[in-house]
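Heads up, the thing below is written out as structure tokens.
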Ligand SMILES: [Zn+2]
């Protein structure tokens, strides 16, 4: 996997060519335009990536992953078989980011602690569902399937949160964002499926705003997650948390902007959480080799090149530097610990 440390800070882009972004590579490929294509013309054979002027994609999706033991890949292959759309081999993939962070917590049995922090009570177990795939039933998570039917969604095209975490006390929906915003609209705003009538008019119990107003505010996706998630949690008599996981300088007002439409109480809450916050959660712990690997990944993850051919970090990026927090190019554990502390401070504000 290539990170900020292995990539050129600046690449040369001409009308017809673009150079390989990996340091010390002099390969130049044909410049691709519009939609990204995996085509031999755009391939650097040495580094096994397809290149465009703004980003790159791995030939083998596993090169984008931190966790790829036999069990990891077995699970991921099953998930990908049923996942509707996968761009997990791309540099800018939010799915790869989600996998790399949450598969870590899952493998290390740290989800219990992470979830307990939200519930403010000790949860006794967690079952994580990646992109609707439930490993216990080898298919769509049954409760989600039920919710989709209740609200008139076709199972093959129904709502799909990035992650669902089931615990004994609460149900979590986690929607991750990296480049994309929460702005989503239905393809046809006049088709409401059974969103208003399903679950004995469940909509009226969990929303303050009328459907049309939420759609007008382009909160279609979050609306569906809140509707289905609160219904699923209530059916199993659990608390519900909808967590929107974003880079620190994105969607800063989302808690207010979406929060104004929904009825929250002790049993159901909407939270905005940041990837930088996940970094400080992981980084400030024990410093095992895997923790080091993951915190280094988050710190140096990139989102490609801007129109001037300059490389950007995905997190801890330019706007971070504007707040006078300097990210070292190659960081020592002490520097990272200091950074983790700064992130925590920034998040308190
Ligand atoms: Zn190369």
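We did not get these values from a lab; they are worked out from the coordinates using the rules stated. Small disclaimer: the values here were computed from a predicted structure and weren't measured. Please note: Cβ atoms are built from the backbone with ideal geometry, for glycine as well, and neighbour counts cover all protein chains shown.
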>> To test your reading of the geometry: what angle, between 0 and 90 degrees and rounded to tens, separates the Cα axis of helix 220-235 from the longest principal axis of the chain?
In response: 50
> Taking neighbour counts of Cβ atoms within 10 Å as a proxy for exposure, in what order, fewest first, do 151, 249 appear?
Replying inline: 249, 151
> Once you sort the root eigenvalues of the Cα gyration tensor of region 70-278 as a ≥ b ≥ c, which label holds: rounded (a/c under 1.5), prolate (a/b larger than b/c) or oblate (the other case)?
Replying inline: rounded
>> Can you tell me the length gained on complete extension of the stretch residue 267 to residue 74, counting 0.36 nm per residue apart and subtracting the Cα distance?
In response: 65.9 nm
>> For 39, 162, which order do you get if you count the other beta carbons within 10 Å of each Cβ and list the fewest first?
In response: 39, 162
> Once every DSSP H run of n ≥ 4 in the chain is given -39500 (n - 2.57) and the sum is divided by its residues, what mean residue ellipticity at 222 nm do you get, rounded to the nearest 500 deg cm²/dmol?
Replying inline: -10000 deg cm²/dmol
> What does region 251-292 give for Rg and for Dmax, in Å, if only its C-alpha atoms count?
Replying inline: 15.2, 43
> Roughly what angle does helix 94-107 make with the longest principal axis of the chain, taking Cα atoms, 0 to 90 degrees, to the nearest 10?
Replying inline: 70
> On full extension of the chain, what length is gained from residue 183 through residue 81, given 0.36 nm per residue of separation minus the C-alpha to C-alpha distance?
Replying inline: 34.0 nm
> Looking at the square roots a ≥ b ≥ c of the eigenvalues of the Cα gyration tensor of the chain, which shape do they give, rounded for a/c under 1.5, prolate if a/b is larger than b/c, or oblate?
Replying inline: prolate
> Out of 218, 187, 132, any idea which swings most in a Gaussian network model of the chain, alpha carbons joined below 10 Å?
Replying inline: 187
>> Only counting other Cβ atoms within 10 Å, I'd like 20, 216, 25, 44 sorted with the fewest neighbours first.
In response: 216, 25, 44, 20
> Using 7 Å Cα-to-Cβ label points, what is the residue 121/residue 38 separation (nm, one decimal)?
Replying inline: 4.6
> Can you give the angle from 0 to 90° between the axis of helix 70-82 and the longest principal axis of the chain, with both taken from C-alpha atoms, to the nearest 10?
Replying inline: 60
>> Would region 230-279 count as rounded, prolate or oblate if I go by the C-alpha gyration tensor, calling it rounded below 1.5 in a/c and otherwise prolate when a/b exceeds b/c, oblate otherwise?
In response: oblate
